[in-house]
1. Which residue, B:Leu11, B:Ala55, B:Leu34, has the largest displacement toward the positive end of the dipole of chain B when charges sit on each Cβ (Lys, Arg +1; Asp, Glu -1)?
2. Please tell me which of these pairs span more than 25 angstrom C-alpha to C-alpha: D:Lys16/J:Lys8; B:Lys8/L:Lys8; F:Lys62/K:Lys62; C:Lys7/I:Lys8?
3. At the nearest 100 Å², what buried accessible area, both sides summed, do you get for C and H when the probe is 1.4 Å?
4. Using only Cα atoms, find the angle between the long axis of helix J:19-33 and the longest principal axis of chain J, and express it within 0 to 90 degrees, rounded to the nearest 10.
5. Mind checking the mean number of beta-carbon atoms from other chains within 10 Å of the Cβ atoms in J:27-35?
6. Could you compute Rg(Cα) / (2.2 N^0.38 Å) for the protein assembly as shown, with N its residue count?
7. Using the heavy atoms of the protein chains alone and a 1.4 angstrom probe, what is the accessible area of segment J:6-66 per residue in square angstrom?
8. Residues of segment K:2-18 that become at least 50 Å² less accessible with every protein chain present than in their own chain isolated, using 1.4 Å: which are they?
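The values are calculated or read from the model by the stated rules, or taken from the named source; none is laboratory data. Here the structure is a predicted model, which means the values were calculated and not measured. Because the Cβ atoms are built from the backbone with ideal geometry, glycine has one as well, and the counts that use them run over all protein chains shown. Accessible surface is based on the protein model in full, side chains and every heavy atom, while ligands, DNA and RNA are left aside. Shrake-Rupley method; radii C 1.70, N 1.55, O 1.52, S 1.80 Å.
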Protein chains: 12
Amino acid sequence: MSDRVYKKVELVGTSKASIEDAIQNALTTADQTLDHLDWFEVSEIRGHISDGRVAHYQVVMKVGFRLDR
Amino acid sequence: MSDRVYKKVELVGTSKASIEDAIQNALTTADQTLDHLDWFEVSEIRGHISDGRVAHYQVVMKVGFRLDR
Amino acid sequence: MSDRVYKKVELVGTSKASIEDAIQNALTTADQTLDHLDWFEVSEIRGHISDGRVAHYQVVMKVGFRLDR
Amino acid sequence: MSDRVYKKVELVGTSKASIEDAIQNALTTADQTLDHLDWFEVSEIRGHISDGRVAHYQVVMKVGFRLDR
Amino acid sequence: MSDRVYKKVELVGTSKASIEDAIQNALTTADQTLDHLDWFEVSEIRGHISDGRVAHYQVVMKVGFRLDR
Amino acid sequence: MSDRVYKKVELVGTSKASIEDAIQNALTTADQTLDHLDWFEVSEIRGHISDGRVAHYQVVMKVGFRLDR
Amino acid sequence: MSDRVYKKVELVGTSKASIEDAIQNALTTADQTLDHLDWFEVSEIRGHISDGRVAHYQVVMKVGFRLDR
Amino acid sequence: MSDRVYKKVELVGTSKASIEDAIQNALTTADQTLDHLDWFEVSEIRGHISDGRVAHYQVVMKVGFRLDR
Amino acid sequence: MSDRVYKKVELVGTSKASIEDAIQNALTTADQTLDHLDWFEVSEIRGHISDGRVAHYQVVMKVGFRLDR
Amino acid sequence: MSDRVYKKVELVGTSKASIEDAIQNALTTADQTLDHLDWFEVSEIRGHISDGRVAHYQVVMKVGFRLDR
Amino acid sequence: MSDRVYKKVELVGTSKASIEDAIQNALTTADQTLDHLDWFEVSEIRGHISDGRVAHYQVVMKVGFRLDR
Amino acid sequence: MSDRVYKKVELVGTSKASIEDAIQNALTTADQTLDHLDWFEVSEIRGHISDGRVAHYQVVMKVGFRLDR
């Protein structure tokens, strides 16, 4: 088996519900166009505020997937 | 419309329940004295431990709001 | 009372359920062998992906505890 | 003369024109309410895009000023 | 309205004229192949020197855009 | 007891004598206008030089205090 | 000649043999689909362990290439 | 002589007196259970405040020591 | 199968021969006292110089291993 | 052709006019005593404030040049 | 008066006595060969250990000075 | 014996062969003009690509040496 190569793309998932839900939203979108999704790394947790409450979470994350060689 | 200016303050929200709840607690407090709260950025997630369990989460975050000019 | 000294160890908690649960799993394990657990600091949030969904969260964290002198 | 103490606040200046103009806009606003403004440190340069062009620059910066003691 | 997902790509714009021009050059190129360009974040400002003068500025930046879901 | 919220402000203490004295000078000033000072975090140690000797130390630090809710 | 624009992608090359070989493996894969590969920057060196020995090196790197305009 | 291997542990020394004393307190504790202590690296200087004065310094540091092979 | 927990320890491997050899030396030592070694992350590459040549490489690295629960 | 070696020096250019002018001022000074100036990397953008306006920009930058071997 | 240009050099001062003394030792040495020493910035505090006690402090610092133009 | 003072200079070694060879090339050049070379610290590993292969490695590193006092 030859040595594997992976690529990382940087996505921002958002959610009104929770940090975990924002992560999953980004993965669901990535899964529509990328194969072999393997891992993710959160790099920033942010969000917008409306009327003194969290309007939505924004999770900046890298998603790693194996490239076909 | 003139160019906007924003200020960021650094807060630490705490909660026994969850990271999201700690974020909201900080926003609720900020909202009592600051207008135009716009966004937040989490910079640290920490917490205290009691009897081997999370006693409370501490979320260090910056909160951005628009200044009146 | 003499001046206290603390030690920090680096753990990675994992969970299928949530970030908070991954944190607690690491603390539960640390509590089995370490006394005086005092605080934790999250340094990375990562995870593995399976079939386009979060398979498990991995939370890299430092756990601080007081040393007996 | 006693030892001086300074405070730093974090502002975000914006401008449609240039990075330098965004910096000055933040300083002009700060100067309305703070005395003894002394120095600034740029920490981020960002901006919004509209129709493929820079809509406005956002310069995140710390502004230092001397406190009266 | 469903939760939005964004992608960030990393570009290096160059210009003989100014930092702002280097930023715009990267955006102009990105705009040819990407829709919904939304924001940019400068991560490095560099450049080449020729005969003791700036030959061109190189601005490393991330460009964020909304993904269709 | 409700969940506590803290604020951090960034100060620069100076002293001709020592790093510890510069820290205390910033705290003494902060204590004049802020209640519930709780902890500090040093982020930079700098200083000015005069005639080849330290003229004064400058300690950049964050000071955390509990907010009344 | 107009001002050039470059793009950086993030890859992870792996190799059982050496760090240099892991770098080359990532470049060989990138070269199959990208033109004008110009430079790389290593951001992390990691690896997996099997039976107390390095099973393979993982080199996280950014690869820069010129975009056609 | 075979190639040496070292380990680093992370400690937090505290002291009411000074930063140097907090460092020494951590080393004194480490020396009770670890052999071949060789070097230390300060990573954070923090502290607690009581009545507007430094109650104690907390110095987070890594301590390196040679492992027997 | 319950959720796994991992620990990371920080080691410094040294070698006169190469960076890869310094990494392996640290792993070989770790393997004598730790079970389930799983991955490593290089955090610093340094070394000593003697007579204008590399006397030995020092690779600071974290080694992760699974804890029995 | 033998393998080239470069050196980087750290300079702070200042200017009342603009960031780009501060960069050029540093390069002009460096060019008086150093040969083969090749590239620069901006590491900080700061400045002094006078009467609520930018008195001068300070650009901290590294300047790279080839060494004769 | 033309715009000033400064240079920063990186030194490591050592002292058996204190952190402040290590800083001063580096400045005293720098002052022997450099004119117009202006400011310093501490980037690391480290040290060597002998018999469980601090053998000497090592303070890594940048020293800034004005260049004649 | 008086307290020692060290200086660090930043070099970029290059090599077509390997990372280790690039490090040695920088040291060999430094050794021609500097006495008492003591240690090095790698801060970046980069390189240029030609025809899909590593054309040369570029290792950015700091080299520390003792100053005569």
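1. About the Cα centre, the residue reaching furthest to the positive side is B:Leu11.
2. Numbers: D:Lys16/J:Lys8 35 Å; B:Lys8/L:Lys8 37 Å; F:Lys62/K:Lys62 22 Å; C:Lys7/I:Lys8 14 Å.
Pairs exceeding 25 Å: D:Lys16/J:Lys8; B:Lys8/L:Lys8.
3. Numbers: alone 5140 and 5170 Å², together 9200 Å².
Approximately 1100 Å² gets buried when C meets H.
4. Once rounded, one gets 40 degrees.
5. Per residue, the average neighbour count from other chains is 4.
6. Relative to the 2.2 N^0.38 Å estimate, the protein assembly as shown comes out at 0.93.
7. Solvent-accessible surface per residue comes out at 35 Å².
8. Buried by 50 Å² or more upon assembly, which counts only protein chains, are K:Asp3, K:Val5, K:Tyr6, K:Lys8, K:Glu10, K:Val12, K:Thr14.
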